Amino acid sequence: APPAIIAPSILSANFANLGHDCSKKMEEGADWLHVDIMDGHFVPNMTIGCPVVSQIRGCVDRPSEPCGRGTFDCHMMIMEPHKWVVEFKNAGCDLYCFHYEAAVSSVAATDPTDKETTARTSPKQLIRYIHEQGMQAGIAIKPDTPVDVLWDIIESEDPVERPDMVLVMTVHPGFGGQKFMASELPKVAALRKRYPELNIEVDGGLGLGTIEQAADAGANVIVAGSAIFGAQDPSEVIEKLRAAVQK
Ligand code: DX5
Ligand code: ZN
C-alpha cells in the first residue's frame with residue numbers, strides 16, 4: 001500500500017488562530033492539512049471559502065511534489081463542485097476532493113444546451129478539469145453511496161480522468177466530533193483489494209480507538225480532527241496514527 005499520510009482536519013482548529021494552528025500541526029508532524037469546505041446546501045453547515053484558504057496557505061510551505069508534505073487537501077462538501085475549481089486553485093488548493101453525489105446532481109441540474117458547463121459536470125469530466133487546472137483530484141462518497149459507483153471512474157480509459165485519491169466518509173459529513181461508522185470499512189477493503197496503489201482516505205471519527213480497523217481495511221490517508229486537536233500531545237497522536245497504518 002502507499003505510504004501513510006496523516007491529515008489533521010482544521011475544522012477542529014481555533015478559527016480565530018487558524019494560521020497559527022495550521023503551521024503548528026505541520027510542526028507537530030502532519031503530512032497534509034485537511035480543509036473542510038461546506039456550503040450549507042450539500043451539508044447542513046458552513047465553514048470557510050477561498051479568501052480564508054488563500055490566507056492560511058501562506059502559513060504552510062508548499063508541497064514540492066504532488067501529494068507531498070504540506071498538501072492542502074480541500075474536502076469540498078458543496079453543490080456544483082465544478083464552479084469552484086479555478087478559484088480554489090488560485091487560493092492554493094493542491095488536491096480538490098469533490099463529492100460524487102454533488103457531481104451527479106449537477107449533471108441532472110445542468111441545462112443540456114449549456115455546452116461549457118455540461119463538459120465539466122460528470123465525475124470523469126470534473127476530474128479532467130481539476131487536472132487541467134494543475135491540481136490533484138479526489139472523489140468522495142458519503143455513507144449512503146455504494147462504492148461500486150467508483151469502479152468505472154477509477155478505471156477510466158483516459159488516465160487524466162482517473163482520481164488520485166478516493167475518500168470514504170466514515171461519518172455523515174457536516175460536523176466534527178461524530179462517532180466512527182465501522183459499517184463503511186468494507187468499502188475501503190474493496191477499494192484496496194482492487195487498487196493496491198491508490199490513495200484511500202478515511203474521514204470522520206478517526207482516532208486511537210478506531211485507527212486499527214481503518215488501517216486493517218487498507219486506508220492510508222487518515223483525517224483526524226477532534227482526535228488530534230483535542231489531544232494533550234498532538235504529535236504523539238499523529239505518530240501513533242502513522243504507526244498503525246505502517247505496521
Ligand atoms: C466532517 C468533516 C471531517 C471532520 C472530521 O464532515 O469532513 O473532516 O472534521 O472530524 P473528526 O475527526 O472530529 O470526526
Ligand atoms: Zn473532511
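Mind listing whichever residues of the range 102-112 are open to solvent by less than 50 Å² (accessible area, probe 1.4 Å) and more than 21 Å from residue 200 (Cα to Cα)?
Initial filter on the range 102-112 (open to solvent by less than 50 Å² (accessible area, probe 1.4 Å)): 102-103, 105-106, 110.
Within the range 102-112, 105, 106, 110 qualify.
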All conditions in (1) in contact with a Gly (Cβ under 8 Å, 6 or more places away or on another chain); (2) small (Gly, Ala, Ser); (3) within 8 Å of ligand 1 (Cβ to nearest atom) are true of residue 189 except (3)
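Does residue 142 count as open to solvent by 40 Å² or more (accessible area, probe 1.4 Å), in contact with a strand residue (DSSP E or B) (Cβ under 9 Å, 6 or more places away or on another chain) and either within 16 Å of ligand 2 (Cβ to nearest atom) or not hydrophobic (A, V, I, L, M, F, W, C) (or both)?
yes
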Hey, could you check the range 21-40 for residues that are aliphatic (A, V, I, L, M) and away from ligand 1 (no atom under 12 Å from the Cβ) and say which is farthest from the chain's Cα centre (by Cα)? 26
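The values are calculated or read from the model by the stated rules, or taken from the named source; none is laboratory data. Remember, predicted model here, so these are calculated numbers, not experimental data. Glycine gets a Cβ as well: all are built from the backbone with ideal geometry, and neighbour counts include every protein chain shown. Note: areas computed on protein heavy atoms with side chains; ligands, DNA, RNA excluded. Shrake-Rupley method; radii C 1.70, N 1.55, O 1.52, S 1.80 Å.
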